Each structure stands twice: as C-alpha cells, then as structure tokens.
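First comes the structure, then the notes that go with it.
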Amino acid sequence: MAKLTHVITKKKNKAGDVIEGIFIPIEMNHLFKSDKGNVFMDLVAFDSVNEEYKQTHAIKLSIPKDVRDKMTDEEKNATPFIGHLNANPRSGESEPNAMNDDFTDEGEDDLPF
C-alpha cells in the first residue's frame, strides 16, 4: 500500500489511544467507490516468469485509459508495482516486498473507531 500516494499518520481512537495508520486518497490513486461505499483497486497482471522465485506474473495498479494516454513514459513506468503472483499455488510461496514510509503526518483529528 505504501507504493500508492499516501500519508502515514497517527490519530486517536475512541478510547483515546494514539494509533498509527495509512491514509490513501481515493481519486489520486485511481481507486473507485461502489454505490454501497466500498473502495476498490483495479489491478492488472502481466506475464513475468521468474523461475528462481516461482513467480508467474507481475501485478500493477491499472490506470484508466484516458489518464494513461496523457501520461509520459516516465509516469507510466512509475505506476505503482503491487507485487508478484504465482498462478500455480502448489509451486511455492512468495515473499512480500518491504516498503519504506514516504512521510508522516501528526494530525489532530480523531478517528471514528
């Protein structure tokens, strides 16, 4: 998730405890909301066989065509890489990629939970 445009922040929960979380803007990350208020991420998988790690596909965030057509090659290459997929579940397990925090916001608003 840290590859998306985001802010790591600390907020207070209902009990008054400070907890750390990630805020991911919906529109900036080309996410979309359903009529029921659920938020979805559209992903695309590319063939990317890596025998050493037993991976068959690379997964990236799917950008709408009208937005992608306006992007430079550099912007297209910077599209968030989500991870790898092993389409053959019996051939091994993959390791998650480590992500770095981009920045932190110590906001004052409280959380609803």
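The values are calculated or read from the model by the stated rules, or taken from the named source; none is laboratory data. Quantities reported herein were computed from a predicted structural model and do not represent experimental measurements. Counting neighbours? That spans all protein chains shown, and the Cβs are built from the backbone with ideal geometry, glycine included.
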Next item on the list: Could you please tell me which pairs satisfy a Cβ distance under 8 Å, a separation of 6+ or placement on different chains, a first residue in the stretch 70-95 that is over 13 Å from A58 (Cβ atoms), and a second residue that is assigned to a strand (DSSP E or B) and modelled with pLDDT of 85 or more?
Entry: N88/T56
Margin query: Suppose we keep only residues that are assigned to a loop (DSSP other than H, G, I, E, B) and either in contact (Cβ under 8 Å) with a residue 24 or more places away in the chain or touching a strand residue (DSSP E or B) at 6+ places or on another chain (Cβ under 9 Å) (or both) within the stretch 24-48. Which one would you say is surrounded by the most Cβ atoms within 10 Å (Cβ to Cβ)?
Written below: H30
Check: From the residues in the stretch 62-87 that are outside any strand (DSSP E or B) and among the small types (G, A, S), which one is nearest to E52 (Cα to Cα)?
Finding: A87
Checklist line | the stretch 7-23: number of residues that are free of Cβ contacts under 8 Å to residues at least 24 places away in the same chain and over 20 Å from the mean Cα position of the chain (by Cα) | finding: 4
Notebook entry, point to check: Across the stretch 35-51, what is the number of residues that are of a type outside the set (A, V, I, L, M, F, W, C) and under 14 Å from the mean Cα position of the chain (by Cα)?
Noted result: 1
Note to self: Being outside any strand (DSSP E or B), farther than 24 Å from N77 by Cα, of a type outside the set (K, R) and not assigned by TED's automatic domain parsing to the domain that holds T79 is the requirement here; does G21 meet it?
What the structure shows: no
Check: Just for the stretch 49-68: of the residues that are touching a helix residue (DSSP H, G or I) at 6+ places or on another chain (Cβ under 9 Å) and over 12 Å from T79 (Cα atoms), which one is surrounded by the fewest Cβ atoms within 10 Å (Cβ to Cβ)?
Finding: K54
